[in-house]
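Taking it in order: structure first as structure tokens, then the write-up.
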Amino acid sequence: MPSHMKLEELVQETRVHRRIYLEPEIFDLEMERIFESNWVFVGHESEIAQSGDYKTVVIGTQPAIVTRDENRDIHVLMNRCMHRGSTVCQDNHGNSPVFRCWYHGWTYNNRGELIGVPYADAYGSGFDRRKFSLIKAARVATYRGLVFASLNPEVEPLADYLGNAKYYIDLFMDLSPEGEVESRSGTHKYGYDGNWKFQMENGVDGYHPNFVHQSFFEIQGKQLGRKVMQLFTGNAEYESKDLGNGHAILDMAPKHRAANRPVSNLLRGATSQASRDAYLSSMLQRYGERRTAEIFAASNVNLAIFPNLLIIGIQFRMTIPVSAKRTDVHLLPTTLKGVPDEINVARLRAHEAFYGSAGGGAPDDVEMFNRCSEGLRVKGAEWLELSRGIDREYEVDNGVIVGHITDETPQRAFYRRWRALMLSTAEPQQRVAKLRIAPTA
Ligand code: FES
Ligand SMILES: [Fe+2]
């Protein structure tokens, strides 16, 4: 623990201390009390669509393999040979019914059972293979195709954990007239020299776009013939929401909910009228007019699921902590099942334009994370200010707190949950979720 200050003093209702981004001891505690005690996002079912498919992931900093067995059940196996510790799988993804450790050849099936030991007779009669299965994540659950794992057997049911966020996840998945999206277009990766929390804060930060992304918006505005930067001004009619449990959203829908915007702006100009008509008609057939309008109105999404998932634009984004000062990020762009190819191609091209490595948006965010990491080395300015909108946010149904889109309501939501988990040891999640921190002067 850092000297001179207690952990509970480092995160307050409207400000956080710079040390939470820098201290290895705090990072270690985050891995234990947040990533190893909670649900964490590990991927989408479509990434392991076939029996035998697998992908490797990291839970906190622990390597794991997400597999699908011959019964199509999903397993999350810790990637650690039970002989002497080597990882048993090094590929990002693939298809195999077994994992053979390269060190001494111990072999496991994709349910994690040890099925092969070279020259086994030397182990004697007391050796019981069944005691050497790969360790499994204590809990695995899915919601609308999103796969979550937890190393904590006592973790609350996933549906309860997602809570108010489920409504917004449903809207995203329902952009498909079959109610299913797929993440099979590859993984786009980047990393930065900074703390993982910068990425999670930024994914639902409606205060920064007009500055960090100014040049992109100006170009996009010219293409679309409208002022994109009006989305994120102080007068914009959009909201940010604390959904509880650390989840948050930039809700850009309310203004359009009654306006029946038939097809997302994202697709205008990039697709033919025939494709858009076919898409719209299949949506109307499945969902009816009212729900279709609601789905399209919400199609511009920035949703954060604590602690490591962002759903932004068309992508699932996984934040992977490496150390206090290093983070990897995986972007999984999605396609919609049941729509004309042209629609999915347009979605992917729009994604690349902003989030690609040569894109106009995401690289600028990463630059901000690097600059914050550098700036936070300054001693004497100890606090990061998160008070924007504190006096105008208000609570609505189910404990949702609503702020203006440019307010720091989502960041306060994140740190309220962070603080509750970091200060708890083995408290039931439901109790932790209800903790509220008194505002400080
Ligand atoms: S460490 Fe895996 S077989 Fe020896
Ligand atoms: Fe950004």
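On full extension, the segment bounded by LEU224 and PHE127 gains 28.1 nm, given 0.36 nm per residue less the C-alpha separation.
Shown here: the chain, whose C-alpha atoms stretch 75, 61, 40 Å along the first, second and third principal axes, sorted largest to smallest.
Projecting the Cα atoms of LEU331, TYR103, MET31 onto the charge dipole of the chain (Cβ charges, centred on the Cα centre) puts TYR103 farthest toward the positive pole. Going out from 0 in 10 Å bins, what whole percent of all Cα-Cα distances in segment 328-396 drops into each bin? Taking every Cα pair in segment 328-396, the percentages come to 15, 26, 23, 26, 8, 1. Once you list every other residue whose beta carbon is under 14 Å from the beta carbon of ARG377, what net charge do they have if Lys and Arg are +1 and Asp and Glu are -1? That works out to +1. When ASP341, ASP251 are compared by accessible area of protein heavy atoms, the largest-first order is ASP341, ASP251, using a 1.4 Å probe.
Which is the longest part of the chain that has none of the GluC sites (Glu not before Pro) sitting in a DSSP loop with at most 15 other Cβ atoms within 10 Å? Between the exposed loop sites, the longest stretch runs 238-381.
Within segment 71-171, report the trypsin sites (Lys or Arg not before Pro) that DSSP leaves as loop and that have at most 12 other Cβ atoms within 10 Å.
ARG72, ARG84
In a fully extended conformation the segment linking ARG184 and SER281 would gain 32.4 nm over its present Cα-Cα distance, using 0.36 nm per residue. Working note: Cα atoms of segment 1-134, range along each principal axis, descending, whole Å: 59, 38, 20.
By the Cβ-Cβ criterion of under 4.7 Å, the unpaired cysteines of the chain are CYS89, CYS372.
So what's the net charge close to ARG72: Lys and Arg +1, Asp and Glu -1, counting the other residues with Cβ under 15 Å from its Cβ?
-4
Stokes-Einstein, applied to the Kirkwood radius of segment 112-242 over Cα pairs at a viscosity of 1.002 mPa s and 20 °C, places its translational diffusion at 105 µm² s⁻¹.
Would you look at the GNM of the chain, springs on alpha carbons closer than 10 Å, and say which of PRO363, PRO307, PRO118 moves the most? Comparing PRO363, PRO307, PRO118 in a Gaussian network model of the chain, the most mobile one is PRO118. With all protein chains in place and a 1.4 Å probe, the accessible surface of the chain carries 49 percent carbon and sulfur.
According to the Kirkwood relation over distinct C-alpha pairs, the hydrodynamic radius of segment 261-394 is 17.8 Å. Can you give the FRET efficiency to the nearest 0.05 for GLU32 and ARG326, using r as the Cβ-Cβ distance and R₀ = 22 Å? Efficiency computed from Cβ-Cβ geometry: 0.75.
Per residue, the solvent-accessible area of the chain (1.4 Å probe, heavy atoms of protein chains only, all protein chains present) comes to 44 Å². All other residues whose Cβ lies under 12 angstrom from that of SER86 are scored, Lys and Arg at +1 and Asp and Glu at -1, for a net of +3. Relative to one another, the C-alpha centroids of segment 24-95 and segment 353-370 are positioned 27 Å apart.
The values are calculated or read from the model by the stated rules, or taken from the named source; none is laboratory data. Just so it is clear, the model here is predicted, and its values are computed rather than measured. As a convention, Cβ positions derive from the backbone with ideal geometry for all residues, glycine included, and neighbour counts pool all protein chains shown. With ligands, DNA and RNA removed, areas are computed over all heavy atoms of the protein, side chains included. Shrake-Rupley method; radii C 1.70, N 1.55, O 1.52, S 1.80 Å.
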